[in-house]
Structures are given as structure tokens and as C-alpha cells.
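Engineer: Let me begin by handing over the structure; questions about it come next.
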Amino acid sequence: MKWKNTDAREYYSKYKKVDIKNGQGWFEVYDLPGDIYAICEPQHFQEVNSYLIIGSEKGLLFDTGMGICNIELVVKELYEGELIVVNSHFHFDHIGDNYRFDQVYIFDDSFAKAMASSGFEKSGLGNQLGEDMFLFDYPKGFDPDAFRIPPYKVQLLGDGDIFDLGNRKLTVIHTPGHSNDSIMLLDNENRILFTGDTFYLGALYAHFDCVEFGKSSLSDYYKSMNELKDKITEVDSLYCSHNDFIVDPTKISEAALALESILKNNSKNAIKTKSAHSYLEDASRLKEYQFDGFSIVVCSNFLI
Ligand SMILES: [Zn+2]
């Protein structure tokens, strides 16, 4: 992959950038509607977004990023009050700095719990820390050879749990598919749905089957999205964990239909899968289907 040569991501210009002192040459922060900061890592191919959601009594950090630089310094600069930390799911690009916080809420799932107690070794990352995954050189002080994610302390959460931040409440919606522990957070008062990796504009992954990434399920993914479309009639915006921050909620219904067409084997949208979408698995076994603004990557034997 030659990510360094791809076009600049113009969507950042739609949002209000915040000047921060502790970006470490790595993090960028955007001030989004609804008292929410997007803390993003635009110099890595993953373009992961963590969200700091501010309430009148508490703040909530949804994911801790890649662990390449220190997200805690950024969070402390933006918010000094009591902080709840929650993971959208256990994949490495969302849990990298979990260990810097006293405890992190995770969905009660065997893969997620195993990750918390063992941490994550660089060997599980495939080529994710290769130089060509970075827009510029490695950030100052970062040694890719020494990279590992240490274990972290957790509290378990479940579907329907509510985080009360004072003037806003965030409800957990379990949305298995991408991984079994994937959750979203619904902010009813502000009509926002935080989607984690279950929906964003870009390639959606439904092909994992290994210890490092757990087990994706195409049928669970479809069920999650199909149920979700009826639950979010009051939502105005999706806030997504990769790529562009804010997406129209009609995309949830589109994704449900897309997943259904793949499951029924009648999608005509198959495209050549990019090698960037394989991590530890055999790229030749992957299939990718293109839809409007997003694609879905599956394993060719998903029906077996
Ligand atoms: Zn991710």
C-alpha cells in the first residue's frame, strides 16, 4: 500500500479545528455540534476517531485510540472533570491507551476480556505499523519495534446500560457483527448515535476470524443494522469511529439492505479487494462489495 500518495482527506475542512498544546504532532481535535470533541489520528491509514463527550457532571471518552502517542494528555487539556472511559469494541486501534486510565468499560465478551487481561503484542498487528501506513515519518519518540498495548482494568457493560453524564444520558446498544463486542452509544437528547466501527464511510469489516480480532458475523451484522434502523428514528447524526466524523443516519438502512444482499448472495457490487483490508488473514479469501459511500469486506466462505 502506498497510502502516503493518496489524496488529502478534504472532509476535515468541514469542521472546526481546536488548537491544542498537547497534540504531540500526532492528534488533531475538532469541535463538533453537541459538546463533543473528535480526537483523531489523521497521520495513520486507520484514521481512527475517539470522542470526548461532555456532560454537565461527567465526561465520557469513547475509545482511547491507537496508543502511538498519549491521548490522556489531550483529554486532560480539553476536560478536567470526572471521566468515564468506554470502548466501542476491543480492536487494537480503539484500545491503545486504555492502560493509561483507571478502568475502561467493555462489553461482556470473551475476546474483549482476554484482550484486557493479556494486552496486545505487535505480532498481532500484521503490517499496521509499517512505514507506509503513516502519512509522514513515525512521530517523535515512537519506536514501532517496541510497540505493545499493556493490559488494562475493566468494568463490564451490557445492552441497555445507561451512562448518565448529568444533562445527557448515553444508552448502550449492542450491535454484534464487525466483532461480537461491538456497541454503539445513543444520545437521545442530542439525537446523536456513536457508531463505533459498525458504521462509517469507508470499508466495513465483516471478515475477521482470529484471536486478535475475534469473530465477525455477517448474519449478526445484518440483524444488528436491521433492528437499529427502527430504533434510531429520532437520530439526526451518526458520529463514526473512522474517517469522516458525521454521517447521515439514512446510511444505517442502506447498510442493512447491503448486508442482506450479500447474505442472500444477490449483490452485484463485487469489487477487487484492496490488500490493505487484510490483517492476518489470507487476502485471496476476502471479497469486497461496493455501495454508496461504503463497502463491505467479507470472507469468501462466510456462509459455511
Ligand atoms: Zn477500528
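The values are calculated or read from the model by the stated rules, or taken from the named source; none is laboratory data. Predicted model, so just to flag it, every value in this text is computed and none were measured. So basically every Cβ, Gly included, is an ideal-geometry build from the backbone, and we count neighbours across all protein chains shown. In case anyone asks, the SASA skips ligands and DNA or RNA and just uses the protein heavy atoms, side chains included. Shrake-Rupley method; radii C 1.70, N 1.55, O 1.52, S 1.80 Å.
Listed here are the residues, each with its yes/no results for (1) without any contact (Cβ under 8 Å) to a residue 40 or more places away in the chain; (2) surrounded by fewer than 19 Cβ atoms within 10 Å (Cβ to Cβ); (3) within 16 Å of the ligand (Cβ to nearest atom).
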{"position": "LYS153", "(1), (2), (3)": "no, yes, no"}
{"position": "LYS169", "(1), (2), (3)": "yes, yes, no"}
{"position": "LEU193", "(1), (2), (3)": "no, no, no"}
{"position": "ASP197", "(1), (2), (3)": "no, no, yes"}
{"position": "SER219", "(1), (2), (3)": "no, yes, no"}
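Engineer: For region 180-218, give me the residue count where each residue is outside any strand (DSSP E or B) and more than 19 Å from PHE294 (Cα to Cα).
Structural biologist: Total meeting the criteria: 9.
Engineer: I'd like to check something: does region 209-227 contain any residue that is farther than 26 Å from ASN269 by Cβ, in contact with a Lys or Arg (Cβ under 8 Å, 6 or more places away or on another chain) and outside the structural domain of ASP63 (by TED's automatic domain parsing)?
Structural biologist: Checking region 209-227: not a single residue is farther than 26 Å from ASN269 by Cβ, in contact with a Lys or Arg (Cβ under 8 Å, 6 or more places away or on another chain) and outside the structural domain of ASP63 (by TED's automatic domain parsing).
Engineer: In this structure, does LEU286 turn out to be crowded, with 17+ Cβ neighbours inside 10 Å, outside the structural domain of PRO42 (by TED's automatic domain parsing) and of a type in the set (A, V, I, L, M)?
Structural biologist: Against the criterion (crowded, with 17+ Cβ neighbours inside 10 Å, outside the structural domain of PRO42 (by TED's automatic domain parsing) and of a type in the set (A, V, I, L, M)), LEU286 qualifies.
Engineer: Which of the following residues is modelled with pLDDT under 95 and at negative phi: HIS94, HIS44?
Structural biologist: HIS44
Engineer: Sticking with this structure for a sec: Which numbered condition trips up LEU52, out of (1) outside any loop (DSSP other than H, G, I, E, B); (2) among the hydrophobic types (A, V, I, L, M, F, W, C); (3) under 20 Å from PRO139 (Cα atoms); (4) under 18 Å from the mean Cα position of the chain (by Cα)?
Structural biologist: Failed condition: (3).
Listed here are the residues, each with its yes/no results for (1) more than 16 Å from the ligand (Cβ to nearest atom); (2) open to solvent by less than 40 Å² (accessible area, probe 1.4 Å).
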position: SER13; (1), (2): yes, no
position: LYS16; (1), (2): yes, no
position: GLY23; (1), (2): yes, yes
position: VAL29; (1), (2): yes, yes
position: LEU32; (1), (2): yes, yes
position: ILE39; (1), (2): no, yes
position: GLN43; (1), (2): no, yes
position: VAL48; (1), (2): no, yes
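Engineer: To continue, here is another question. Please go through region 121-145 and pick out each residue that is within 24 Å of GLN103 (Cα to Cα), part of a helix (DSSP H, G or I) and open to solvent by 20 Å² or more (accessible area, probe 1.4 Å).
Structural biologist: Matches in region 121-145: LYS122 only.
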